[in-house]
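Take a look at the structure set out below.
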Amino acid sequence: MAGVILQNVSKTFAGDVVAVQNANLEVNDSEFMVIVGPSGCGKTTMLRLIAGLEEVTEGTIRIGDRTVNDVSPRDRDVAMVFQNYALYPHMTVFDNMAFALKLRKSPKAEIKAKVQQAAELLGIEKLLNRKPKALSGGQQQRVAVGRAMVRNPQVFLFDEPLSNLDAKLRITTRAELKALHRKLQTTTIYVTHDQVEAMTMGDRICVLHNGLIQQIAEPMEVYDKPVNRFVAGFLGTSPMNFIEGRLIDTDGNPGFIAGDVQISLPDSMRVNLSPYVTQEVVLGIRPEHLFVKPFKGRACSIIHTTVSLNEPLGDRMNLHLTCPSGNKLIANVGSHVRLRPTDSVTTFMDIERVHIFKPGETGENISLNI
């Protein structure tokens, strides 16, 4: 096992298409690192650079104690699991899993033992004589993982391996992959566009946008303390609410105003926000931090809204709300709330959970105390 370090890594394709820009990433030995971002942000390219399937334009990649820029993919001691699994259709499961070992001319007894051990760990020992076309998507995914496991690599690389599975199977399989990592303790870099996978699987997550790393931290730190507006909006099954407005001074304390919405901000933000008073900013608040009844223990601001849509989610419900000025909000509330479209409702905002961003797609979070 080994750590992986990217130092000032960039990749530019023909036509000056920049896929990765000045990436600095350190993946610790035995860590499960998830690289997450929207389609086309450069995450798969970054994975292929680590694997050696693409050449670095600038910068250095280290795996363990070796610089691997000029090392061929087969000699980097990494194993990659692709989105489409890339199984050989004419081979049995056993032969698919054993293929790399046979190329190495490993002894037959060793090959059999390693394949059997991996198959038992993955629960596919009864499938070894089948061919891929006779397997379900989840079974094919396990075979692809098993083929990587038998090589006993220093690093596992996963390129959106669950994207072809149905929603229920994705949930069970991601739990299985995380449990497998705990057993093997092999350094793992996992690419996905699914922020739920990132939050549930990663020891840390690296958020990528337009080829640039935006933030690297533990999942809940990224969720609770997003460094900019893009990160805040990307993470969250119901996206963060954003309201464009400006900062004002309210008797020495910071405030926010946007049309009919006027919010008193906590004193803890005063030092950070004072330099930006009178400037245009963007207020962010997550749906779970909006309420339709008063709550105790924390300061709140009141907003008058009208229900435009409700979305039942089982034990929770998303209320789509409209302010008189036209600002739109989503509140995630308990399913017991009985509100219908056109109902007027007083909405309470937990001001301790508010974020203030500079304008722009990647506007800095200026309310963070870090």
- Looking for whichever is assigned by TED's automatic domain parsing to the domain that holds Arg76, under 30 Å from Ala113 (Cβ atoms), out of contact with any Lys or Arg (no Cβ under 6 Å at 6 or more places or on another chain) and surrounded by 22 or more Cβ atoms within 10 Å (Cβ to Cβ) here; the options are Leu157, Leu169. Which one fits? Leu157
- Pick from the stretch 42-96 the residues that are acidic (Asp, Glu) and either without any contact (Cβ under 8 Å) to a residue 60 or more places away in the chain or exposed (fewer than 14 other Cβ atoms within 10 Å of the Cβ) (or both): which of them is nearest to Gly137 (Cα to Cα)? Asp95
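Looking for whichever is over 30 Å from the mean Cα position of the chain (by Cα) and outside the structural domain of Pro226 (by TED's automatic domain parsing) here; the options are Pro324, Pro287. Which one fits? Can you show your working first?
Details: Pro287 fails: over 30 Å from the mean Cα position of the chain (by Cα).
Going through Pro324, Pro287 in turn, just one is over 30 Å from the mean Cα position of the chain (by Cα) and outside the structural domain of Pro226 (by TED's automatic domain parsing): Pro324.
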- Query: Taking interchain pairs and intrachain pairs at least six residues apart, which have beta carbon atoms under 6 angstrom, with the first residue in the stretch 305-317 and of a type in the set (Asp, Glu) and the second surrounded by fewer than 15 Cβ atoms within 10 Å (Cβ to Cβ) and in a loop (DSSP other than H, G, I, E, B)?
  - Reply: Asp315/Ser335
- Task: Report, by residue number, each residue of the stretch 310-349 that is surrounded by fewer than 19 Cβ atoms within 10 Å (Cβ to Cβ) and under 30 Å from Leu208 (Cβ atoms).
- Result: Glu311, Leu313, Arg316, Asn318, His320, Lys328
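Within the stretch 281-300, how many residues are of a type in the set (Val, Ile, Thr) and surrounded by fewer than 20 Cβ atoms within 10 Å (Cβ to Cβ)? Break it down into steps so the answer makes sense when it comes.
Of all residues in the stretch 281-300, those of a type in the set (Val, Ile, Thr) come to 281-282, 285, 292.
Then drop every residue that is not surrounded by fewer than 20 Cβ atoms within 10 Å (Cβ to Cβ), which leaves 292.
Here the count works out to 1.
Do we find that Glu197 is in the same structural domain as Ala118 (by TED's automatic domain parsing), free of Cβ contacts under 8 Å to residues at least 12 places away in the same chain and either of a type in the set (Asp, Glu) or in a loop (DSSP other than H, G, I, E, B) (or both) in this structure? Please lay out each step first, then the result.
Details: in the same structural domain as Ala118 (by TED's automatic domain parsing): yes; free of Cβ contacts under 8 Å to residues at least 12 places away in the same chain: no; either of a type in the set (Asp, Glu) or in a loop (DSSP other than H, G, I, E, B) (or both): yes.
Considered against the rule, which asks whether it is in the same structural domain as Ala118 (by TED's automatic domain parsing), free of Cβ contacts under 8 Å to residues at least 12 places away in the same chain and either of a type in the set (Asp, Glu) or in a loop (DSSP other than H, G, I, E, B) (or both), Glu197 comes out as no.
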- Task: Answer yes if at least one residue in the stretch 172-184 is crowded, with 19+ Cβ neighbours inside 10 Å, farther than 16 Å from Leu6 by Cβ, touching a residue at least 60 places away in the same chain (Cβ under 8 Å) and touching a Gly at 6+ places or on another chain (Cβ under 8 Å), and no otherwise.
- Result: no
- So which pairs qualify, if the first residue must be in the stretch 113-137 and of a type in the set (Gly, Ala, Ser), the second must be surrounded by fewer than 18 Cβ atoms within 10 Å (Cβ to Cβ), the Cβ gap must be under 9 Å, and the two must be at least 6 apart or on different chains? Ala119/Glu125; Ala119/Lys126; Gly123/Glu176; Ser136/Leu169; Gly137/Asn164; Gly137/Asp166; Gly137/Leu169
- Item | Hits in the stretch 298-352 - residues which are more than 17 Å from Gly259 (Cα to Cα) and out of contact with any strand residue (DSSP E or B) (no Cβ under 7 Å at 6 or more places or on another chain) | Ala299, Pro312, Leu313, Gly314, Asp315, His336, Arg338, Glu352
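The values are calculated or read from the model by the stated rules, or taken from the named source; none is laboratory data. Quick caveat, the model's predicted, so the values are computed rather than measured. Note that we place each Cβ from the backbone using ideal geometry, even for glycine, and neighbour counts take in every protein chain shown.
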